[in-house]
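Undergrad: Input: one structure, supplied below.
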Amino acid sequence: MNSAYSNAVNTARDYYNSDDADQFYARVWGGEDIHVGLYENDEEPIFDASRRTVAHMADMVGELTPEHRVIDLGAGFGGAARFLARNYGCRVTALNLSEVENERDRALNESEGLDHLVEVTDGNFEATPFEDGSFDVVWSQDALLHSGERAAVVREVARLLKPGGVFIFTDPMRTDHCPDGVLQPILDRLHLDTLGSPGFYREQCAANGLEEIGFEDHSRQLPRHYGRVLGETRAREPELRGDISPAYIERMRKGLEHWVEGGDHGHLCWGVFRFRKP
């Protein structure tokens, strides 16, 4: 356990460093993009939908040039960082808590000749090692839920942004009016006390001087994505059992079912938030 990390972050770090998780997310979840996708149909490949999320968010940021510096908080395997570097030439810092994921990230950067633009940093988004005003864009996809100190993360975002900089992120959230207790199976699996909500992020960003640009609501995509991953897991289970433990696969199937149920009942929401630092 890293004493510099909160309990929730340490739990996520241990999980994503496991061989089972590394294999599952690389082979089933979406390859280099391990986040929620934007689907055009229920049979679309997970990778295609997940990459569409990255491309859409990049369009929403506005102008990106080689002069821009971006930090991706919770970068996973670095798919978004490589997309931004490859398509816009901007320099990207991929901050991520899992050393195992970061090793895969660095290898992919090198193999694609992007290691001069993408810097992978082992670290915690609750307290980063960068100076104030270091970045034009703070980017994050479905990672902030793993923090036990999300208010601290938002403070860190505001500190890292240059004046005029943009904070763009997605996160699986509870709705603002979610009944107490209904998401407990999800929280138990993630070892979390809460999920964020749109109201929480609006309140925390405002308290740290960040002005909302907008929230693009894609909440129906969340159970669609988890359902798509669940279907892929079931279909490929005989193949996966050779490399991923049966216990992990069983826990994953149950966890995915809880996410689908929460989304279908309207207790969860998801979309693209954008804020700007004046």
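Undergrad: For residue 265, project a label point 7 Å along Cα to C-beta. Then give me every residue of the range 200-236 with its amide nitrogen under 15 Å of that point.
TA: Only 223 pass the distance filter.
Undergrad: I would also like to ask the following. Using amide H atoms built 1.01 Å from N in the peptide plane, name the residues 5+ places from residue 269, or on other chains, whose amide H lies under 5 Å from its own.
TA: Close amide H contacts, sequence-distant or interchain: 173, 174, 175.
Undergrad: Right, something else. Given a 1.4 Å probe and every protein chain left where it sits, what share in percent of the accessible area of the range 131-223 is carbon and sulfur?
TA: Answer for the range 131-223: carbon and sulfur cover 46 percent of the accessible area.
Undergrad: How many Å² of accessible area per residue for the chain, probe 1.4 Å?
TA: So the chain comes to 42 Å² accessible per residue, rounded to a whole number.
Undergrad: Place a point 7 Å from Cα of residue 216 in the direction of its Cβ. Which residues in the range 160-192 have their backbone N less than 11 Å from it?
TA: So the set is 169.
Undergrad: Okay, moving on. Whenever you get a sec, compute what percent of the accessible area on the range 1-130 sits on carbon and sulfur atoms (1.4 Å probe).
TA: 46
Undergrad: Express in whole angstrom the spacing between the alpha-carbon centres of the range 49-87 and the range 94-141.
TA: Comparing the Cα centres of the range 49-87 and the range 94-141, I get a distance of 12 Å.
Undergrad: Taking loop as defined by DSSP and a crowding limit of 12 other beta carbons within 10 Å, which trypsin sites (Lys or Arg not before Pro) in the range 83-134 fit?
TA: Counting only loop positions with at most 12 other Cβ atoms within 10 Å, none of the trypsin sites (Lys or Arg not before Pro) in the range 83-134 qualifies.
Undergrad: With an 8 Å Cα cut-off and a minimum separation of 6 or more residues, compute the relative contact order for the chain in percent.
TA: 20
Undergrad: If each DSSP helix of 4+ residues adds -39,500 (n - 2.57) and the sum is divided by the residues in the chain, what number results at 222 nm, nearest 500 deg cm²/dmol?
TA: The helix-only estimate for the chain comes to -13000 deg cm²/dmol at 222 nm.
The values are calculated or read from the model by the stated rules, or taken from the named source; none is laboratory data. This structure is a prediction, so every number in the text was calculated from the model and none was measured. Cβ: placed from backbone, ideal geometry, glycine included. Neighbour counts: every protein chain shown. Protein only, heavy atoms only, side chains kept; ligands, DNA and RNA dropped before computing areas. Shrake-Rupley method; radii C 1.70, N 1.55, O 1.52, S 1.80 Å.
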